[in-house]
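Below is one structure, written out as structure tokens; comments come after it.
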Amino acid sequence: MLIRPSVFKPISRFVILAVAMLSLYPAPAPAAMVETDSVLRSEPSPDAAGPVSAERERLKRLLRRQAARDALRSHGLSAEEATARIDALSDAEVRRIAGRLDRLPAGAFHGAADGARSAALIIVVVGILLILVLLFAKLVPDDS
Amino acid sequence: MPMARIPGNRRKRAPVFTVLAVAWAVLGCAPGLETLPPPATQDLPRRVEIADVPFFPQEDYQCGPASLAIALTHGGVAVRPRDLVGEVYSPARKGSLAISMLASARRRGLLAFPLSRLDRVMRELAGGTPAIVLQRLGPPWARRWHFAVLIGYDLERQEMILRSGRTRRLVMPFDEFAATWAPGQNWALVVLPPSRLPESAEERTFVAAVFGLERARQFPAAVTGYETALSRWPRSLGAMVGLGNSHYAVGDLAAAVAAFERATVAHPTSAVAFNNLAHVLAEMGRRDEAVPIARKAVALGGPFAALSKTTLREIERGR
């Protein structure tokens with residue numbers, strides 16, 4: 001059976017969210033080191049007071065990362081490469097690009113080659129115009 | 001991943017087309033965009049050109065890998081543009097995203113420090129560091145995004161000097177540069193060894209840049225970066241915690257303890273410092289020392305109170 005790829009993203013998001021929600025329930029958070037990131041955030045998020053909201057914050061960050069990875073994969077990258085690129089970003093950086101990856105500028109200008117292409121296009125357009133004008137001049141009957 | 005075939009790069013080009021391309025870049029500029037705020041440049045050298053910046057003409061690959069290779073090589077990591085294509089190029093976008101450039105520099109152990117003010121970029125140039133910039137070039141009907149590398153400026157002649165595309169030394173007037181730079185939110189990036197402080201570094205921005213190395217799992221580079229930060233800002237909590245976490249990540253527990261201890265002394269109200277210290281001490285088998293420190297972390301509370309409680313419980317239980 002064929003499933004359209006566009007269906008994958010919402011499903012995968014739902015599954016991630018569901019699994020994440022499950023983890024919110026009885027199991028206590030494992031003892032762990034606090035990441036450097038947490039002391040770098042300039043302003044603590046207003047609702048980070050309770051353990052539940054701290055956990056919710058963490059989930060939001062995970063989902064944003066997943067969405068950014070998905071977006072990079074849709075740009076033709078392998079799963080590993082998309083993960084490696086997003087992993088190298090801080091949460092603040094991921095937040096800045098969240099939801100905008102498809103619209104962010106991709107540097108591609110090829111200087112001379114693009115110039116050549118544009119120039120060729122203009123020459124072709126001017127040439128066609130010239131031919132049309134000449135043809136038109138031929139078609140219009142002379143008075144003489 | 002498979003090497004991306006980049007279309008349309010193998011054409012023969014005549015120099016006249018370069019001139020045309022540059023001319024269109026000029027034509028494409030919106031007039032009247034701001035130039036430099038004069039007071040910000042008063043203490044800068046009047047003229048700077050970092051002549052030893054290498055040059056990789058963008059021939060077979062795109063401007064992203066070429067610009068990044070120039071900056072990385074100057075920063076001490078010798079690479080060719082083609083080595084970077086797989087790390088920065090997005091095939092479906094037929095170009096390179098700025099964040100991929102940032103990530104790639106970090107994945108190679110160099111500090112990626114973004115900037116968005118021209119006077120700061122000039123300060124880096126004056127300090128000997130070239131800057132990658134994102135520009136929007138081309139005529140209005142064929143706008144293109146382009147990465148180039150700033151290597152200098154001339155305040156008297158109001159010019160910026162770049163390595164760009166296939167041009168080894170491109171001179172661009174301030175106005176024109178500002179107009180091509182503004183559409184990409186004045187995005188600029190300097191790439192440095194983590195032992196060097198950027199000229200315009202502030203504690204928060206620099207430590208955040210070092211944290212990027214930690215995220216990219218370049219722990220030895222992150223350690224160097226945090227130490228650089230501490231030599232300039234000896235009380236930086238972010239740098240101390242980051243240093244401890246980076247040492248911990250490579251299994252150097254003694255060094256991690258030293259870093260977290262320093263953090264608890266300098267910041268006796270940081271629950272994070274106490275929690276992480278307790279965690280590492282317990283892992284080293286120093287339970288008796290770890291328990292009071294874990295209690296202190298719990299007493300301090302804060303957003304990680306639940307985590308601190310779990311740390312304490314597990315230490316008391318003896319795992």
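Derivation of every value follows stated rules applied to the coordinates shown; laboratory data play no part. Since we're looking at a predicted model, the values are computed, not measured. Backbone-built Cβ (ideal geometry, glycine too); neighbour counts: all protein chains shown.
With all pairs of different C-alpha atoms in the average, the Kirkwood value for the hydrodynamic radius of the stretch B:187-241 is 11.0 Å.
Which value, in debye to the nearest 20, describes the size of the charge dipole of chain B about its Cα centre when Lys and Arg Cβ atoms bear +1, Asp and Glu Cβ atoms bear -1, and nothing else is charged? It would help to have the intermediate numbers written out before the result.
On the way: 40 positive and 27 negative charges, 223 e Å.
Roughly 1080 debye, rounded to the nearest 20.
Relative to the 2.2 N^0.38 Å rule of thumb, the stretch B:114-175 has a C-alpha radius of gyration ratio of 1.13.
In this simple spin-label model, placing a label point 7 Å from the Cα along the Cα-to-Cβ direction at both residue A:13 and residue B:168 gives a separation of 5.1 nm. Positive end of the dipole of chain B (Cβ unit charges, origin at the Cα centre): among B:165, B:189, B:231, the Cα lying farthest that way belongs to B:165. Using only Cα coordinates, the Kirkwood hydrodynamic radius of chain B works out to 21.7 Å. Averaging 1/r over every pair of different alpha carbons in the stretch B:129-219 and inverting the result gives a Kirkwood radius of 14.8 Å.
The label-point distance for residue B:78 and residue B:202, in a model that sets each label 7 Å from Cα toward Cβ, rounds to 3.9 nm.
Principal axis extents of the Cα atoms in the stretch B:56-131, from largest to smallest and rounded to whole angstrom, are 35, 23, 23. If you take the beta carbon distance between residue B:265 and residue A:123 as r and set R0 to 56 Å, what does 1/(1 + (r/R0)^6) give as a FRET efficiency, to the nearest 0.05? Computed FRET efficiency for residue B:265 and residue A:123 comes out at 0.15.
Using a ≥ b ≥ c from the Cα gyration tensor of the stretch B:177-284 (square roots of the eigenvalues), is it rounded, prolate or oblate, where a/c under 1.5 gives rounded and otherwise the larger of a/b and b/c decides, a/b for prolate?
Values: a/c = 2.70, a/b = 2.18, b/c = 1.24.
Prolate is the answer for the stretch B:177-284, as a/c is 1.5 or above and a/b outweighs b/c.
Proximity of backbone amide H atoms, modeled 1.01 Å from N, is registered between residue B:302 and no other residue at under 5 Å, excluding neighbours fewer than 5 places apart on the same chain.
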